[in-house]
Amino acid sequence: MEGGCYCGALRYEVQGKPVFKAQCHCRACTHFAGGAPNLFMAMPANGFTYTKGTPAQFTRDNEAPATRDFCPTCGTQVASHRKGMPLVMIKVGTLDDPAAFKAPKAAIYVAEKQPFHQIPEDLTCFDGFPMAAE
Ligand SMILES: [Zn+2]
Ligand SMILES: [Zn+2]
């Protein structure tokens, strides 16, 4: 699968099967997703490469720091990753074919969910992040 940012300066390629497909309701994701939960799929990090451009990165200094990769030109966040976790979380909206995502299987960080967020009934809900860092 391929994808990239809104302006095209940052492009990536990813191989392998999704390990996890979810929507995240955390406070940080509501910043990045414009208020909605952020839809992502976790892919094996070793199948992910940037084919054009170099992302700018931001890591918040908290107890479970995630590093977010974004385009330095248009600001689109394309992926995030966590120290010690061999996964890259790809933002579904940055895929060339977002429909390939099909649907989320879980909702995470529901403890931080906003009252206007919708969670389909068939999703498994987690208060935080369901996978521990190695
Ligand atoms: Zn861009
Ligand atoms: Zn989140």
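When each of R68, R82, R60 is tested for being in contact (Cβ under 8 Å) with a residue 24 or more places away in the chain and in contact with a Phe, Trp or Tyr (Cβ under 6 Å, 6 or more places away or on another chain), the lone residue that passes is R68.
Here A36 passes the criteria (1) under 21 Å from M131 (Cβ atoms); (2) touching a helix residue (DSSP H, G or I) at 6+ places or on another chain (Cβ under 9 Å); (3) modelled with pLDDT of 95 or more; (4) within 14 Å of ligand 2 (Cβ to nearest atom) except the one numbered (1). If only residues of the stretch 82-103 that are of a type outside the set (A, V, I, L, M, F, W, C) and surrounded by 12 or more Cβ atoms within 10 Å (Cβ to Cβ) are counted, the one that is nearest to the chain's Cα centre (by Cα) is K91. Of the residues that sit in the stretch 1-37 and are of a type outside the set (A, V, I, L, M, F, W, C) and in contact with a His (Cβ under 8 Å, 6 or more places away or on another chain), which one is farthest from ligand 1 (Cβ to nearest atom)? In this case the residue turns out to be H25. If you check A79 against the conditions, is it among the small types (G, A, S), in contact with a helix residue (DSSP H, G or I) (Cβ under 9 Å, 6 or more places away or on another chain), in a strand (DSSP E or B) and surrounded by 14 or more Cβ atoms within 10 Å (Cβ to Cβ)? Judged against the criteria, A79 is a match. Quickly run through the stretch 85-134 and pick out the residues that are farther than 24 Å from T67 by Cα and not in a loop (DSSP other than H, G, I, E, B). Selection gives A99, A100, T124. The residues of the stretch 11-52 that are assigned to a strand (DSSP E or B), of a type in the set (S, T, N, Q) and within 21 Å of I119 (Cα to Cα), listed by number, are Q23, N38. Remark: pairs (first residue in the stretch 1-24, farther than 18 Å from N46 by Cα and within 16 Å of ligand 2 (Cβ to nearest atom); second residue part of a loop (DSSP other than H, G, I, E, B) and small (G, A, S); Cβ separation under 9 Å; 6+ apart in sequence or on different chains) = Q23/A36; C24/A33. Out of T59, T54, one residue alone is surrounded by fewer than 19 Cβ atoms within 10 Å (Cβ to Cβ), over 25 Å from T124 (Cα atoms) and within 16 Å of ligand 2 (Cβ to nearest atom). It is T59.
The values are calculated or read from the model by the stated rules, or taken from the named source; none is laboratory data. Just so it is clear, the model here is predicted, and its values are computed rather than measured. Heads up, the Cβs are rebuilt from the backbone with ideal geometry, glycines too, and the neighbour counts pull from every protein chain shown.
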